[in-house]
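Trainee: Structure below; questions to follow.
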Amino acid sequence: MKVEVAYVAYDDTKFNSPEECKEYENRAISFMDEFNNHVLLLDMMGRPIFYPTGFNIEGFMTWFHQAYGECSYININAELSNDFINFLDFDLGLIFPENKVGLYKYDYDEDEWVSLR
C-alpha cells in the first residue's frame, strides 16, 4: 500500500507541499487585489457589481465567475499587468477587453468587448 499526501488549491490544482500550494493561491489573491483596485464590473443597467468583502480565495473566485457572467460593462481605471491578463485568459478562460484604461461594453453579436471611450 502507498499513501500519498496532496495539498489542493482553490481550483483543485494539487501540490506536493503546503508552501507550493500557498504560493499558487497567493498569486491568485494578488491578481484579485489588482482586479479590485483597477477594474469595476457593471450590470446591463450600468450599476456596479461590488465585491463583497470577507471572502476567502474560493469564495472570491465563485463570486468573480458569477459577477463576470452577469456584467455587461467593464471599467478599467489603470493599465493591468500582463500576468493578470494571462491569468484571466489562460487560467480562468475569460475574454477580457484590451489592456487600456476605459469603459467597455460586451457585444454579444461579435462575442467581444468594445471600447466606449
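Trainee: If you go through the range 53-75 one residue at a time, do you hit one that is modelled with pLDDT of 95 or more and among the small types (Gly, Ala, Ser)?
Mentor: yes
Trainee: Let me ask something else about it. I'd like to verify a number: residues in the range 6-27 that are of a type in the set (Ser, Thr, Tyr) and under 16 Å from the mean Cα position of the chain (by Cα), how many?
Mentor: Within the range 6-27, the subset of a type in the set (Ser, Thr, Tyr) is 7, 10, 13, 17, 24.
Filter once more, keeping what is under 16 Å from the mean Cα position of the chain (by Cα): 10, 24.
Residues meeting the conditions: 2.
Trainee: Might you check whether a residue that is crowded, with 16+ Cβ neighbours inside 10 Å, at pLDDT 90 or above, within 13 Å of Leu92 (Cα to Cα) and in contact with a Phe, Trp or Tyr (Cβ under 8 Å, 6 or more places away or on another chain) occurs anywhere in the range 8-27?
Mentor: no
Trainee: Going by the structure shown, is Tyr104 of a type in the set (Phe, Trp, Tyr) and surrounded by fewer than 16 Cβ atoms within 10 Å (Cβ to Cβ)?
Mentor: So Tyr104 fails the test.
Trainee: Can you tell me which residues in the range 90-114 are farther than 19 Å from Ala78 by Cβ and not in a loop (DSSP other than H, G, I, E, B)?
Mentor: Phe90, Asp91, Lys105, Tyr106, Asp107, Glu112, Val114
Trainee: List the number of the failed condition for Ser30; all other conditions in (1) among the hydroxyl-bearing types (Ser, Thr, Tyr); (2) over 15 Å from the mean Cα position of the chain (by Cα); (3) surrounded by 14 or more Cβ atoms within 10 Å (Cβ to Cβ) hold.
Mentor: With (1) among the hydroxyl-bearing types (Ser, Thr, Tyr); (2) over 15 Å from the mean Cα position of the chain (by Cα); (3) surrounded by 14 or more Cβ atoms within 10 Å (Cβ to Cβ) applied to Ser30, the lone miss is (2).
Trainee: Just for the range 80-89: of the residues that are outside any loop (DSSP other than H, G, I, E, B) and more than 11 Å from the chain's Cα centre (by Cα), which one is nearest to Glu112 (Cα to Cα)? Quick ask: steps written out before the conclusion?
Mentor: Pass one, the range 80-89, residues outside any loop (DSSP other than H, G, I, E, B): 82-89.
Filter once more, keeping what is more than 11 Å from the chain's Cα centre (by Cα): 82-83.
On the way: Asn82: 19, Asp83: 21 Å.
This residue is Asn82.
Trainee: How about the range 46-77: which of its residues are farther than 22 Å from Asp107 by Cβ and exposed (fewer than 12 other Cβ atoms within 10 Å of the Cβ)?
Mentor: Answer for the range 46-77, where residues must be farther than 22 Å from Asp107 by Cβ and exposed (fewer than 12 other Cβ atoms within 10 Å of the Cβ): Phe50, Pro52, Thr53, Gly54, Asn56.
Trainee: Something else about it: Those residues that are in contact with a helix residue (DSSP H, G or I) (Cβ under 7 Å, 6 or more places away or on another chain) and β-branched (Val, Ile, Thr), I need them from the range 9-40; list them, please.
Mentor: Across the range 9-40, the qualifying residues are Thr13, Ile29.
Trainee: Right, next: Regarding Asn75, is this residue assigned to a strand (DSSP E or B), touching a strand residue (DSSP E or B) at 6+ places or on another chain (Cβ under 9 Å) and not small (Gly, Ala, Ser)? Full working, then the answer.
Mentor: Values: assigned to a strand (DSSP E or B): yes; touching a strand residue (DSSP E or B) at 6+ places or on another chain (Cβ under 9 Å): yes; not small (Gly, Ala, Ser): yes.
For Asn75, the condition - assigned to a strand (DSSP E or B), touching a strand residue (DSSP E or B) at 6+ places or on another chain (Cβ under 9 Å) and not small (Gly, Ala, Ser) - is met.
Trainee: Please pick out the residue among Asp91, Asp83, Asp43 that is within 15 Å of Tyr10 (Cβ to Cβ), touching a helix residue (DSSP H, G or I) at 6+ places or on another chain (Cβ under 9 Å), exposed (fewer than 14 other Cβ atoms within 10 Å of the Cβ) and not basic (Lys, Arg).
Mentor: Values: Asp83 fails: within 15 Å of Tyr10 (Cβ to Cβ); Asp43 fails: within 15 Å of Tyr10 (Cβ to Cβ).
Only one candidate passes the filter, namely Asp91.
The values are calculated or read from the model by the stated rules, or taken from the named source; none is laboratory data. Treat the numbers as computed from the prediction; the structure is a model and nothing was measured. Note: ideal-geometry Cβ built from the backbone for every residue, glycine included; neighbour counts use all protein chains shown.
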